[in-house]
Amino acid sequence: MKNLMSAFLLLLTCYCSVGQQKMLTMQDAMLNARTTLAPENLRQLQFINGTNDYVYLKKLNGEDVFVKGNFKAKEEAVYLNLAQFNQRLKSANLDSVKAFPPVQFNNESWVVNIKGTKYQFNQDQTSLNLLDKAFSTKENLDQSTDGFLAYLQDHNLFISKGKETKQVTTDGSENIVYASAVHQSEFGITKGTFWSNNGRSLAFYRMDQTIVPNYPIIDWTVRPAKVNNVKYPMAGDSSHHVTLGIYHTATQTTTWVKTGLPAEQFLTNIAWSPDDQYIFIAVLNRQQNHMWLNQYDAGSGDFVKTLFEETDPKYTEPLVPMLFAKNNPAQFIWQSRRDGWNHLYLYDLSGKMLRQLTSGQWEVLEVKGFDAKGENVFYTSTQVSPLSKNLYQVNIKSTKSSAITSGDMVHTVLLSSDGSYLLDNFSDPSNPKTIQLVETKSGKKKVLLQSSNPLSAYALGKLDIFKLKNNEGIELYCRMFKPVNFDSTKKYPVIVYWYGGPHAQMILNSWNGGAGDYWFQYMAERGFVVFTVDTRGSSNRGKAFEQSIFRHAGNAQMEDLHTALNYLKGLPYADAGKMGLFGWSYGGFMTTNFILNNPGVFKAAVAGGPVMDWKYYEIMYTERYMDMPQENPDGYAETNLIRQAGKLKDKLLLIHGLQDPVVLQQHSVMFVKAAVDAGVQVDYMIYPGHEHNVLGKDRAHLYQKVTDYFMQYLK
C-alpha cells in the first residue's frame, strides 16, 4: 500500500507540474500522431495535369468539395462537389459514394479509383469510361498511354484492350515469376512492367527462382497452422535468374532481350528511348562493383552497345534509370556517386559524357522535371545541410544552378506540367507545415496553408538538434528530447534510439526532428532524456560516409555511438547508470551487437526485427555491404551475434513479427536458442500477423511493451 501511495503521489506531482497542459497517451503518440494530432494538411492536393491550376479537398459548409485555384486567382472556386460527382456515377449506373475516392485530375479527364476499379471522367461527356477492373484474381495492374492494360492472373501475364485479351505467358508459377519486382526490390526496383512511350510495347521482368529454396512462413490463424513458402535467396547461395521480355501489341509477339551470361546478374533501371526503338538496362554483376549501361534493340532484343561502365572497389548501386532530356532525344541525364556524392551527369547516346551538371559535397535526392523548353532541370538536394531538402534548377548547357526554395528545412515539392509553378510543402522543428504556391521564375509565393501546432495543448520536452565530432573528426548529427520541466540539477535516465544502416536517416530539420511519431515526446513527458545519433553508414552524407561499414558492418557505427556516449556521460543531468538502447531491423542488429561487445554500458536494451547473422539475410543487400561469406569470412564471423549470445550480461528484449519475410524470425529464434544453450537470460516478444514492421493499432501495443521494459529497468 505504501509503494502504491508513493507511485500515486509521484504521478500526481508530474501532472500538477505541467499545469493545464495534457500528457500524451500511447494512442496519441503512435496512432493519433498520423491522424488527429498530425499537422493540418490539404487533402489530395495536386496540379491538374497539363495546366498550372491546383485542386484540393476542402470542407465547405460541412461538405467535402474540390476547390481550384491558381497563382493569379484571388479566390479559390468550387471545382467539383459530391453531388456532381455522384451524378456522374449515376449516369454510368454506379452506386453513389458518401466521400470522395482518390481522384487524379487531368486537363481533359479525371481518373478515379472506386473499390479497386478505375474509371475516367471525360470532361466533354456526362458518362464514365471503365478503365480497368481489379478482379481479385488480377495483380500488378499497369495501364499504358494507349489504353492497353497489363495484369497478372494465375501467375501469368495478360494484356487487354477493350474486349480483346491476350495471354502473353503460359509457364508462370510460384517459381517462374512474371511482371513483378525482382532482386528483392533492391536497386530502386519497385515494379515489373515498363510500358513504352507510345503505350504499345511492354517490357516486363521474368524471374526464375527455381534454384532458390523455399522458406517457410507459418500462418498461425488457421487450424492446423499451415506453411506459406516464400523464395528467399541468402547471402552466398544461389540467386534468382532474371531476364527481360518485350511484348509488342501490334504483332502480338514477345522478344527476349539478349542480356547474356552470367545468369546471376542484376538487371536494373529499365528505360525506353524516346522513339521506343531501344531499351536500356543497367546491368550489374553479382559482386555489385561493376555496372554496364547497355543499349538493346527493342524489336530484336539484340545487344547494341555499352554506353559506359562504372566500377567501384567496394560497390556501386545504380538506383535511378536514365532520364532523356526534354525536347532533345539524343541526350540523357544519369545519376551517379562516382565523385563521392550523388550528382547529375549529361550524356549523349554514343555514351559520351557531355558535362557534369551538379557538383559539391552534397547529394542530389531526386529529379523533379524540366521547364517548358527543356533548358533547365529541377532537382532536390541537401546543398544547405544533410538534414534539409530544397529545390534547385540547373541549366543543362551552362550548368549554372539556382535555388528555388531556401532554408535549413525540409521541402517536399510538386511541379506543374511545364515547371512554371510548384506546390511547396515544408516544415522545420518549430513549424509543423506550410504549403505555398511558388512561381519558379520570379520566386513569388502564395501561402495556401499555415498549419497550427497540433501539440500546443500538450506538455513537451525541448528538442535540440546538434553536431558532435567522432574520433576521426567527422561530424555526426544528433537529436535530443529533454524531459518535460527539465531541471539541469537533476539526473534523468537516458534512452538512445538509433539505426545506423544505409538508406535511412533518423534526424531531419523537419517537424518533430524527423521522427514520424511522438513516442520520443511521450518518453520525455515521463522523465527520460531521449537521444538519437545518425552514425556513419546513414544516408545523405556521401559515399565515403556510407561505405565505412563495408565488409565490417557495425564497427564504424559502434565507434560513433561511443562518441555520443562520451558526450552523454559528460552531461551533469544524464544518469549514466540508467541508460537504455533501442533499435529496429539494422538498428536491432546494431543494438544487440553493441551490448554484447560493450557490457555494462546500457542497463537495458530492445532489439526489434534484428539481423543476428548476415549469412541468413538476402543476397542483394548483404553482399553489397559485406561481400559473399566465402569472400569475407572474418567479417561474417565478427557479426555473427548468435555465436556471441553467451556474452550477454545486460537486460535484452527481442521483438519479432511472426510473419516477417524481410529479417526472418529465424534470426531471433536462433539467438534465443544460443542464449538458452549458454545459460543466459533473454526476453522475447512476438507479434503474430505482422511482418517486418508492426503496423496499425498493434503499433501502440508494441511501443507500450518497449516503454514498460524501460520503465521497469531504468526508472
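The values are calculated or read from the model by the stated rules, or taken from the named source; none is laboratory data. Here the structure is a predicted model, which means the values were calculated and not measured. All Cβ positions, glycine included, derive from the backbone under ideal geometry; neighbour counts span all protein chains shown.
Can you find, within the stretch 187-214, the residue that is farthest from P321 (Cα to Cα) among those that are touching an Asp or Glu at 6+ places or on another chain (Cβ under 6 Å) and outside any strand (DSSP E or B)?
The selected residue is R200.
Go through the stretch 194-231 and count every residue that is within 21 Å of I686 (Cα to Cα) and touching a helix residue (DSSP H, G or I) at 6+ places or on another chain (Cβ under 9 Å).
So the answer is 1.
Yes/no matrix, rows are residues, columns are (1) assigned by TED's automatic domain parsing to the domain that holds S180; (2) in contact with a Pro (Cβ under 9 Å, 6 or more places away or on another chain); (3) closer than 29 Å to R551 by Cα:
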{"residue": "Y205", "(1), (2), (3)": "yes, no, no"}
{"residue": "Q209", "(1), (2), (3)": "yes, yes, yes"}
{"residue": "N214", "(1), (2), (3)": "yes, no, yes"}
{"residue": "I217", "(1), (2), (3)": "yes, yes, no"}
{"residue": "T221", "(1), (2), (3)": "yes, yes, no"}
{"residue": "A225", "(1), (2), (3)": "yes, no, no"}
{"residue": "M234", "(1), (2), (3)": "yes, yes, yes"}
{"residue": "S239", "(1), (2), (3)": "yes, yes, yes"}
{"residue": "Q252", "(1), (2), (3)": "yes, no, no"}
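Check every one of the strands (runs of 3 or more DSSP E) wholly within the stretch 120-179 and list those with 2 or more residues that are farther than 20 Å from A92 by Cβ and modelled with pLDDT of 80 or more.
Passing ranges, in order: 149-153, 156-161, 164-167, 176-178.
Check the stretch 93-106 and report whether any residue there is in a loop (DSSP other than H, G, I, E, B) and surrounded by 17 or more Cβ atoms within 10 Å (Cβ to Cβ).
The answer is yes, given that some residue of the stretch 93-106 is in a loop (DSSP other than H, G, I, E, B) and surrounded by 17 or more Cβ atoms within 10 Å (Cβ to Cβ).
Looking at the stretch 411-433, which of its residues are within 25 Å of T51 (Cβ to Cβ) and of a type in the set (G, A, S)?
Within the stretch 411-433, S416, S417, G419, S420 qualify.
Can you tell me how many residues within the stretch 310-351 are among the charged types (D, E, K, R) and outside the structural domain of V283 (by TED's automatic domain parsing)? Lay out the reasoning, then the answer.
Quick first cut of the stretch 310-351, residues among the charged types (D, E, K, R) only: 310, 312, 314, 317, 326, 337-339, 348.
Filter once more, so that each one left must be outside the structural domain of V283 (by TED's automatic domain parsing): 326, 337-339, 348.
Counting residues in the stretch 310-351 that are among the charged types (D, E, K, R) and outside the structural domain of V283 (by TED's automatic domain parsing) gives 5.
Would you mind listing the strands (runs of 3 or more DSSP E) fully within the stretch 390-505 where at least 1 residues are assigned by TED's automatic domain parsing to the domain that holds G537?
Passing ranges, in order: 463-469, 475-481, 492-497.
What residue, of A92, A83, A73, A38, is out of contact with any strand residue (DSSP E or B) (no Cβ under 6 Å at 6 or more places or on another chain), of a type in the set (A, V, I, L, M) and either under 22 Å from W511 (Cβ atoms) or in contact (Cβ under 8 Å) with a residue 12 or more places away in the chain (or both)?
When all the criteria are applied, what remains is A38.
For the stretch 327-347, which positions are more than 26 Å from the chain's Cα centre (by Cα), under 16 Å from T399 (Cβ atoms) and surrounded by fewer than 20 Cβ atoms within 10 Å (Cβ to Cβ)?
Residues satisfying the conditions are N328, Q331.
Of the conditions (1) surrounded by fewer than 14 Cβ atoms within 10 Å (Cβ to Cβ); (2) touching a strand residue (DSSP E or B) at 6+ places or on another chain (Cβ under 9 Å), D634 satisfies every one except a single condition; which number is it?
Looking at each condition in turn, D634 falls short on (2).
Can you name the residue in the stretch 444-487 that is in contact with a Lys or Arg (Cβ under 9 Å, 6 or more places away or on another chain) and polar (S, T, N, Q) and is also surrounded by the fewest Cβ atoms within 10 Å (Cβ to Cβ) among such residues?
Top of the filtered list is Q450.
Say whether the condition of being more than 16 Å from V182 (Cβ to Cβ), charged (D, E, K, R) and out of contact with any Leu (no Cβ under 8 Å at 6 or more places or on another chain) is met by at least one residue in the stretch 261-269.
So far as the stretch 261-269 goes, no, none of its residues is more than 16 Å from V182 (Cβ to Cβ), charged (D, E, K, R) and out of contact with any Leu (no Cβ under 8 Å at 6 or more places or on another chain).
Within the stretch 58-72, work out how many residues are among the aliphatic types (A, V, I, L, M) and surrounded by fewer than 17 Cβ atoms within 10 Å (Cβ to Cβ).
Keep residues of the stretch 58-72 that are among the aliphatic types (A, V, I, L, M), which gives 60, 65, 67.
Within this subset, residues satisfying the condition of being surrounded by fewer than 17 Cβ atoms within 10 Å (Cβ to Cβ) are 60.
Of the residues in that region, 1 qualify.
Residue by residue through the stretch 429-443, note down the ones that are polar (S, T, N, Q) and crowded, with 19+ Cβ neighbours inside 10 Å.
T434, T440
Mind checking whether some residue in the stretch 413-429 is hydroxyl-bearing (S, T, Y), under 23 Å from I465 (Cβ atoms) and touching a helix residue (DSSP H, G or I) at 6+ places or on another chain (Cβ under 6 Å)? Before the answer, list the steps.
Residues of the stretch 413-429 hydroxyl-bearing (S, T, Y): 416-417, 420-421, 427.
Checking the rest, the ones that are also under 23 Å from I465 (Cβ atoms) come to 427.
Adding the requirement that they be touching a helix residue (DSSP H, G or I) at 6+ places or on another chain (Cβ under 6 Å) leaves 427.
Within the stretch 413-429 (the criterion being hydroxyl-bearing (S, T, Y), under 23 Å from I465 (Cβ atoms) and touching a helix residue (DSSP H, G or I) at 6+ places or on another chain (Cβ under 6 Å)), the answer is yes, since at least one residue qualifies.
Within the stretch 176-201, which residues are in contact (Cβ under 8 Å) with a residue 24 or more places away in the chain and on the phi > 0 side of the Ramachandran plot?
A179, H183, Q184, F187, G188, G199
Within the stretch 461-470, does at least one residue satisfy the condition of being of a type in the set (S, T, N, Q) and more than 29 Å from the chain's Cα centre (by Cα)?
For the stretch 461-470, residues of a type in the set (S, T, N, Q) and more than 29 Å from the chain's Cα centre (by Cα): absent.
Being hydrophobic (A, V, I, L, M, F, W, C) and touching a Leu at 6+ places or on another chain (Cβ under 8 Å) is the filter; apply it to the stretch 213-230 and report the residue that is modelled with the highest pLDDT.
I218
Which of the residues belonging to the stretch 236-259 are within 25 Å of T622 (Cα to Cα), part of a loop (DSSP other than H, G, I, E, B) and touching a strand residue (DSSP E or B) at 6+ places or on another chain (Cβ under 7 Å)?
Selection gives H240, T259.
Is there a residue in the stretch 503-525 that is surrounded by fewer than 24 Cβ atoms within 10 Å (Cβ to Cβ) and at pLDDT below 95?
Looking for residues that are surrounded by fewer than 24 Cβ atoms within 10 Å (Cβ to Cβ) and at pLDDT below 95, one finds at least one in the stretch 503-525, hence yes.
Residues checked against (1) under 22 Å from S452 (Cα atoms); (2) under 22 Å from the mean Cα position of the chain (by Cα); (3) touching a residue at least 40 places away in the same chain (Cβ under 8 Å):
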{"residue": "L387", "(1), (2), (3)": "no, yes, yes"}
{"residue": "N390", "(1), (2), (3)": "no, yes, no"}
{"residue": "K397", "(1), (2), (3)": "no, no, no"}
{"residue": "T405", "(1), (2), (3)": "yes, no, no"}
{"residue": "H411", "(1), (2), (3)": "yes, yes, no"}
{"residue": "S417", "(1), (2), (3)": "no, no, yes"}
{"residue": "D428", "(1), (2), (3)": "yes, yes, yes"}
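State all residues of the stretch 221-235 that are assigned to a loop (DSSP other than H, G, I, E, B) and either in contact with a strand residue (DSSP E or B) (Cβ under 9 Å, 6 or more places away or on another chain) or without any contact (Cβ under 8 Å) to a residue 24 or more places away in the chain (or both); if no residue qualifies, say none.
Matches in the stretch 221-235: V222, R223, P224, A225, Y232, P233, A235.
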